[in-house]
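Student: The structure's right below; bear with me while I get my questions together.
A short reminder: the numbers here are calculations on the coordinates, not readings from a lab. Here the structure is a predicted model, which is why all the values come from computation and not from measurement. Virtual Cβ from ideal backbone geometry, glycine too; neighbours counted across all protein chains shown.
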């Protein structure tokens, strides 16, 4: 049995330049110090008037990320900008900022290499330890050709191995036909696109008769449900728009193990089959496309991971004109798991004390959120040791060519 | 091996009195004939100005339901009012209408018995073949004591064995503290409450930058995703409000196999554990409560059903102070499946032709949506024959005392 390599494909940062920009703003999204304790807070959504989460160097300092990696035996991280990315900028700013961010992300990885070289105790070559998803200028009014150009920049950047994106696209979502050249270019260049939620379904629904209601449940409902709802809706819209029919080689990594989509995919198939607007549009049963996606393993439980594996693994049964359609369910074991990969969601979900307060000095703590996701992988009853090794890191090494 | 008994726990009707009421209305929800083909359409939500789905006697005529049951070898149906129930009525109307509906539902079951007696070819005693969920006057401004009274009426009605409800409650959702006596009474009387979506998350979001976007995807997105999102949110709010801590014997049957909640439940647990507003509120890890719910098996795929089984089955591991916490995952097999039960969602999802048009004369067709759900149960690889028999009918017989 070969040694475990641990790759974190879901770990966020803000570049220092983005932090400065967020600090300079007077409307959300912004970083402000108006909170009672005077600490810096990141307020992302319009309705978070005085709220937001406490931020500190763990959001931008490469030393913090390196310490986190070493503490959790993470060999390689593929960092990505945290939401809301460049969604909130006007078109020229977004284009400029994408260039800057991609350069800054390349520099971030170079800084990490220096840092790791000074320690040089890991098994993995230090220059391989920090990689990044680049960023595209996806914001209202940006020309699609500018988005395409950013993909070419990313392809040329040695440390960038894909791009993160939200669900908003150019303001009309990811099923906007204007994005067609973007999918085409990403597929052509073999870049992995990492689809991540930001808005959270129901974010504007915190009224007594709204989705989240009047009770104070902190951030639980929008985070635990609203985020994965958003991811499910965005991915479904991509499928229904025929994007994977036209670009079968597009590599889409879906955050939080596909959000709510896997468990709803047979319902989706049934709804499509029963709806005259859609029933003859796609080449395959919707379930087929779930087998073409990649999924992080950020689901916090073994049963969830196993379900996602099974649902990916059955996809070939639902391809039109394939012999696999009548294949036995049992034959699909360990097909799906090869498309799943470990992630931490760092620096979100920091450890908390008994009373729920966040442990802000996190330089020594082992994070429960990380342990949960590691144990979830270890605990999937039907996965072989080699399948688990894949999820821990080998699948990511293969997908990203690390 | 004993003979299979097939119980449909998820099958809808409108009472004729409700149909008349809906026909008399000039604003939604209503039944109108303004559509181009002059057929009667049911328009449920405010934004369906001229749309809606074609309705006919399959929505109210007991002969149609009986024919559907016989055609699909359904031994027993537990019919329930279709959405939007009484949500749209003013308080006095809702209270009156609940009495009327519960009487009409009792009569509907009596009519069915007469009908079945005339045929008398099934295995199951004819008087047992049609049961119903009653209705509570859940509408804005209704006094909780009126809701409690309706439960007592239902308990006294021989054919009614529970009550269906939506997510709106008295206008503030199901975590409204005013509903406390309702949960208490339902638990005391042992009545099953059937939680069903109506509004569909994102129903008001059909704008270019909204959840469902500008592309025409028919009803697919709100039905396939919005409905199960709503159920997940409503159930989560009940859990977070401590309803199952205070009423551990409350029997809640959750539509569409729990919607999006099962696959998100470990994420929910992690979000709760990391949120100071909630982390010390509940007696147990949120996953524990999923083991106290009941689920229909209306998920259209075997992998989905298996996942729900596993996620229910693990629940005991997450109970505070139970020895089971360290129990092995393998030990939980076939615990969850005992809480799952077949349903059809009739008369929704009628069969369609190749081009997607609905087959309106449905007196002879076998419905694909029914076959899918039957096959899904048969195809779960890890379920024994006896576990499947439970889902087909025996679990419902036990739960409802049929």
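Student: Distances from residue A:320 to the same residue in each other copy, label points 7 Å out along Cα→Cβ, in nm, shortest first?
Tutor: Spelled out, the distances from residue A:320's label point are 5.4 nm.
Student: Further question on the same structure: Output the antiparallel fraction of DSSP beta bridges having both residues in the protein assembly as shown, as a percent to the nearest 5. Write out the running numbers ahead of the final one.
Tutor: Numbers: 12 of 61 bridges.
The antiparallel fraction comes to roughly 20 percent.
Student: Take residue B:145 and residue B:280, extend 7 Å from each Cα along the Cα→Cβ direction, and tell me the distance between the two endpoints in nm.
Tutor: Going from the residue B:145 label point to the residue B:280 one covers 3.8 nm.
Student: Here is a follow-up. Using only Cα atoms, figure out Rg for region B:42-187 and give it as a multiple of 2.2 N^0.38 Å.
Tutor: Expressed relative to 2.2 N^0.38 Å, the Cα Rg reads 1.14.
Student: Restricting things to alpha carbons, tell me how big region B:85-140 is in terms of Rg and Dmax, in Å.
Tutor: Over region B:85-140's Cα set, Rg and Dmax evaluate to 14.8, 45 Å.
Student: Related question: For chain B, what is the calculated [θ] at 222 nm in deg cm²/dmol (nearest 500), taking -39500 (n - 2.57) for each run of four or more DSSP H residues and dividing by its residue count? Provide the component values of the computation, followed by the final result.
Tutor: Numbers: 14 runs with 145 residues, N = 402.
When only DSSP H runs of four or more count, the value is -10500 deg cm²/dmol.
Student: Turning to a different aspect of this structure: Treat region A:121-171 as a sphere of radius equal to its Kirkwood radius over Cα pairs and apply Stokes-Einstein at 4 °C in a medium of 1.567 mPa s; give the translational diffusion coefficient in µm²/s, rounded to a whole number.
Tutor: It comes out at roughly 104 µm²/s.
Student: Could you please rank B:366, A:96, B:11, placing first whichever residue has the fewest other Cβ atoms within 10 Å of its Cβ?
Tutor: B:366, A:96, B:11
Student: So for chain B: antiparallel DSSP bridges make up what percent, rounded to the nearest 5? Provide the component values of the computation, followed by the final result.
Tutor: Details: 6 of 30 bridges.
Of those bridges, close to 20 percent are antiparallel.
Student: If you don't mind, another one. Roughly speaking, what is the stretch gain from residue A:107 to residue A:178, that is 0.36 nm per residue apart minus the C-alpha to C-alpha distance, in nm to one decimal?
Tutor: Values: separation 71, 0.36 × 71 = 25.56 nm, distance 3.16 nm.
My answer for the length gained is 22.4 nm.
Student: Normalised by the number of residues in region A:7-400, what is the relative contact order in percent for Cα pairs under 8 Å and 6+ residues apart?
Tutor: Relative contact order of region A:7-400: 14 percent.
Student: Still on this structure, please answer the following. Out of all Cα-Cα pairs in chain B, roughly what percent, to the nearest whole number, are more than 33 Å apart?
Tutor: Value for chain B (Cα pairs over 33 Å): 30 percent.
Student: With each label point set 7 Å from Cα along the Cα-Cβ vector, what nm distance links residue A:3 and residue A:357?
Tutor: According to this spin-label approximation, the distance is 4.1 nm.
Student: Please report A:284, B:32 as a ranked list, fewest other C-beta atoms within 10 angstrom at the top and most at the bottom.
Tutor: The order, fewest Cβ neighbours first, is B:32, A:284.
Student: If you bin the C-alpha pair distances of region B:219-304 every 10 Å from 0, what whole percents do you get?
Tutor: 16, 49, 27, 7, 0
Student: Counting only Cα atoms, I'd like the Rg/Rh figure for region A:213-269, Kirkwood definition for Rh. Kindly include the intermediate steps, with their values, before the conclusion.
Tutor: Working: Rg = 13.9 Å, Rh = 12.7 Å.
With Rg and the Kirkwood Rh in hand, the quotient comes to 1.09.
Student: When the distances between all Cα atoms of region A:338-402 are binned every 5 Å from zero, what whole-number percent does each bin get?
Tutor: 4, 16, 22, 18, 15, 12, 9, 4, 0
Student: Here is a further query. Give me the inter-chain shielding for B:235-246: mean count of other chain Cβ atoms within 10 Å, whole number please.
Tutor: Values: counts 0, 6, 8, 0, 0, 8, 3, 0, 0, 0, 0, 0.
Shielding by partners across B:235-246 averages 2.
Student: I want to verify the translational diffusion coefficient of region A:171-269 in µm²/s; compute it with Stokes-Einstein, Rh as the Kirkwood radius over Cα pairs, at 37 °C and 0.692 mPa s.
Tutor: Here the translational diffusion coefficient equals 223 µm²/s.
Student: Now, a different point. Please report the projected area of the protein assembly as shown's Cα convex hull averaged over all directions, in nm².
Tutor: So the mean shadow area of the Cα hull is 32.8 nm².
Student: Right, next: Between residue A:114 and residue B:216, take the C-beta separation as r, use R0 = 51 Å, and let me know the FRET efficiency to the nearest 0.05.
Tutor: E between residue A:114 and residue B:216, to the nearest 0.05, is 0.45.
Student: Distance between the C-alpha centers of region B:105-139 and region B:235-266? Whole Å please.
Tutor: 29 Å
Student: Every other copy gets compared here: list the nm distances from the residue B:188 label point (7 Å along Cα to Cβ) to its counterparts, shortest first, one decimal.
Tutor: 7.1
Student: Would you please put B:182-189, B:195-202 in order of how densely packed they are, using the mean number of other Cβ atoms within 10 angstrom per residue and starting with the highest?
Tutor: In decreasing order of mean packing, B:182-189, B:195-202 become B:195-202, B:182-189.
Student: Using 7 Å Cα-to-Cβ label points, what is the residue A:72/residue A:156 separation (nm, one decimal)?
Tutor: Between residue A:72 and residue A:156, the simple spin-label model gives 3.4 nm.
Student: If you don't mind, there's one more thing I want to ask. How much length would be gained if the chain were fully extended between residue B:63 and residue B:245, taking 0.36 nm per residue of separation minus their Cα-Cα distance, in nm to one decimal? All intermediate terms of the calculation are to be shown ahead of the outcome.
Tutor: Numbers: separation 182, 0.36 × 182 = 65.52 nm, distance 4.28 nm.
Between residue B:63 and residue B:245, full extension yields an extra 61.2 nm.
Student: Top mean-square fluctuation among B:43, B:297, B:132, Gaussian network model of chain B, C-alpha springs under 10 Å?
Tutor: Highest fluctuation of the listed residues: B:43.
Student: Moving to a separate point now. Put a point 7 Å out from Cα along the line to Cβ at residue B:90; what are the distances to that point in the other copies, in nm, shortest first?
Tutor: Nearest to farthest, the other copies are at 5.1 nm.
Student: Can you check how the C-alpha radius of gyration of region B:43-108 compares to 2.2 N^0.38 Å, as a plain ratio?
Tutor: 1.35
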